[in-house]
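The values are calculated or read from the model by the stated rules, or taken from the named source; none is laboratory data. Keep in mind that this is a model prediction, so the values were computed, not measured. Cβ sites come from the backbone with ideal geometry, for glycine too, and all protein chains shown count toward neighbours.
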Amino acid sequence: MPDAALARRFAGCVMLPPRLTPVATVQQDGLVGRMVDGRYTVLAHIADGGMGSVYAALDTRLDRQVALKVMRPELARDADFVTRFRREARSAARLSHPHVVAVFDQGEDDGLLFLAMEFVDGQTLRDLLNEKDALTPREAFEVTEAVLEALRAAHRKDLVHRDVKPENVLLSTDDQVKVADFGLARAMGTSTATGRTGPLLGTVAYLAPEQVEHGTADHRSDLYGVGLLLHEMLTGRTAVEGESPIHIAWQHVNGSLTPPSGHVEDLPGALDDLVATATRRDPADRYQDAAAFLAALRTTRLGLSDEDLDRRPQITAPTTPAAGDDDASDTAEGDDRVADDGTGEDADTAGTGEDEAGETSPARAPGTHDTRTLHRMTRALPTLGGATAVTPPEEQAADTPRRRRRGLRAVLIGLLLTLLLAGGGAAYWWFGPPGERTVPDVVATERLSAESMLREADLLPVTEEEFSETVPRDTVISVGAEPGSVVRRGTSIPLAVSKGPERYAVPDVAGRTIEEATALIAEGKLTVSGSPRRAYDEKIESGRVIGTTPAAGTSSRPGTEVTLVVSRGRQPIPIDDIAGQPLEKAQAQLEKAGLAVQVADERAYSTGVPEGAVISTDPAEGPLYKGDTITLTISRGPEMIAVPSVSGMSAREAQDALTAAGFKVEVNRIAGGIFGTAHSTEPARGTAPKGSTITLNVV
């Protein structure tokens, strides 16, 4: 994605500057300054949300900035929520993607339930929309593409977001779009949508129809939310609006979505097609995965001109009908609307904007309905107890203002009666005896079979995966309702399904410092043994980690001890014992040690070293290391020279002659050598090694 271009458009969107320097807009509270879980120092209060508050914090163990999301106290006291929260946090932590806010840690400290996440310096998409009203198609495409890439990565790991909305899309100052809060909507369970404002209403505005009707969601539900995001970025207004969460939810299921071009002039029809396909009521009619949505998005962008892509939408306020007009769009009846029946009541009503009952007439504000809309709503409801949809006022013969107002009241009364009848029948069907269901016993049942048994009983399986050392993978460990108990049809039944034994792969820490390796292994739920093992290594410098025992990638139980193997540097190769060895033996020994061996061209005479053995090495002393070169000088054996004839010479003359020839002389005086004459030598004539000792016999 062209993130650099996106960053230029979002320049100036700052949450906190680097190193957490507080700014004026950042609030402070009592938690600031506290050390959480013995690790996280809370520095500043950033924001509040539907589930809790977000703080800037410092991870003192790894010396890095994090965002600490602290759950509301009432949630932390809910054991079911805590269990779901921990499970979903572990799932989210396994998701690593450039467009996903990373989850580092989760825990509990003295009643505080928290989540440690990547710190994103920037603002939310909601903040940007509040600032700009609407984005250009190019900007909207870039944000949507990043969100879809994040969802594609999550869906491949069977992780559904369930709460795609502008508040969960973060725009950082370092060229990134990131999606936050994966799985937290699932941890919340089935909270009731009450109240007209706040985070909950914002969530309801982005729920897919199947989430409203059945409480179920899959990856196509996320794509529905992305379609609503794209609509809102292009138009500057929420795609589905209403006066209450129930009203909004009803429109998701039964209403129709106005295309973006219905709110903003000159938007290409191809954008309407993108939004329409993503927001089909039936999930089977939508894009079936994020990859398909991405392909359609990119194809559409290629088909648009630069002028279309960079045109800033002109947002205009909704047109309010003139006083006294019941429907400003019925221009054909414009003349009749101002007709006075002679009573003067129309003039009073027109002046106040109220009908005869004193009730304010619809003014086309978001969430209100004109006569035709109310009629469509009435026809969409089922016929119960003989109640039928009311005939629309425009189909009646009379068209005076008084009759139109009476027709409107008739529509409202008919709608009310229909809702009461439908509600009563539905209540009996849902809460009476026909709605009772018995929870089947599915413990130790294979996952698909268990889900099928619950659906056959008109119950909704909600599967949560857990590790188990004893229960086989994809087998039900426990059920969130007592088997045999009676519940209402449509009740969500939590199933804890085994993921098999909990195992973690030993991380690859080769080349890292001991401190870095220790931190990575601890993050992987493993522990480091006290004393590292030292070993030589030709590539990794002394003091850094070579590897581990067990080896990297080995599947291990949580808490398994991992021994670090730390480098002692390159292994020295001694050469002190090479001189005097035969050439073949010396060469084989040196090459096995990893040295390159060269033999000197010229051999040398040696009296003490046999022929063919090593006389000397170059260099003469070690140590050497693998890859170094050593040169060997080989012996030719001793140099042989002629022994001179000295018989008859005086002892002194004979000794001088032998010494001059290159021999050492040892004198043997026979019978005292009284004559002082050389008699013979040992060895006698012939040759002898130069420098060897000659025995001189003197008589």
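The table for this structure:
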{"quantity": "Hits in segment 590-624 - residues which are of a type in the set (D, E, K, R), closer than 13 Å to Ala579 by Cα and out of contact with any Gly (no Cβ under 9 Å at 6 or more places or on another chain)", "calculated": "Asp618, Glu621"}
{"quantity": "Some residue of segment 156-167 being under 23 Å from Gln211 (Cβ atoms), acidic (Asp, Glu) and either free of Cβ contacts under 8 Å to residues at least 60 places away in the same chain or part of a loop (DSSP other than H, G, I, E, B) (or both)", "calculated": "yes"}
{"quantity": "Which numbered condition Thr83 misses (of (1) of a type in the set (S, T, N, Q); (2) surrounded by 19 or more Cβ atoms within 10 Å (Cβ to Cβ); (3) part of a helix (DSSP H, G or I))", "calculated": "(2)"}
{"quantity": "Only listed residue being surrounded by fewer than 18 Cβ atoms within 10 Å (Cβ to Cβ) and within 49 Å of the chain's Cα centre (by Cα), chosen from Pro644, Pro572", "calculated": "Pro572"}
{"quantity": "Residue in segment 5-19 that is modelled with pLDDT of 80 or more and closer than 30 Å to Leu135 by Cβ present", "calculated": "no"}
{"quantity": "Exclusive hit being among the aliphatic types (A, V, I, L, M), surrounded by fewer than 17 Cβ atoms within 10 Å (Cβ to Cβ) and either in the same structural domain as Ala208 (by TED's automatic domain parsing) or closer than 16 Å to Leu129 by Cβ (or both), set Ala295, Ala239, Ala249", "calculated": "Ala295"}
{"quantity": "Extreme residue, nearest to Ile641 (Cα to Cα), among residues of segment 612-630 that are surrounded by 12 or more Cβ atoms within 10 Å (Cβ to Cβ) and at pLDDT below 90", "calculated": "Gly622"}
{"quantity": "Residues within segment 583-601 that are in contact (Cβ under 8 Å) with a residue 12 or more places away in the chain and either surrounded by 15 or more Cβ atoms within 10 Å (Cβ to Cβ) or in a loop (DSSP other than H, G, I, E, B) (or both), tallied", "calculated": "9"}
{"quantity": "Residue within segment 257-270 that is assigned to a helix (DSSP H, G or I), at pLDDT below 85 and crowded, with 18+ Cβ neighbours inside 10 Å present", "calculated": "no"}
{"quantity": "Selection within segment 432-488 - surrounded by fewer than 16 Cβ atoms within 10 Å (Cβ to Cβ), polar (S, T, N, Q) and more than 24 Å from Ala79 (Cβ to Cβ)", "calculated": "Thr438, Ser449, Ser452"}
{"quantity": "Those residues of segment 204-222 which are in a helix (DSSP H, G or I) and of a type in the set (D, E, K, R), in sequence order", "calculated": "Glu210, Glu213, Arg220, Asp222"}
{"quantity": "Cβ-Cβ under 9 Å pairs, at least 6 apart or on other chains, segment 657-686 side closer than 10 Å to Asn697 by Cα, far side loosely packed, with under 11 Cβ neighbours inside 10 Å", "calculated": "Thr677/Gly648; Ala678/Gly648; His679/Gly648"}
{"quantity": "Ile546 being outside any loop (DSSP other than H, G, I, E, B) and assigned by TED's automatic domain parsing to the domain that holds Ser468", "calculated": "no"}
{"quantity": "Those residues of segment 493-538 which are part of a loop (DSSP other than H, G, I, E, B), of a type in the set (Val, Ile, Thr) and over 23 Å from the mean Cα position of the chain (by Cα), in sequence order", "calculated": "Thr513"}
{"quantity": "Top-ranked residue of segment 108-148 - restricted to ones that are among the small types (Gly, Ala, Ser) and within 19 Å of the chain's Cα centre (by Cα), ranked as farthest from Leu62 (Cα to Cα)", "calculated": "Ala146"}
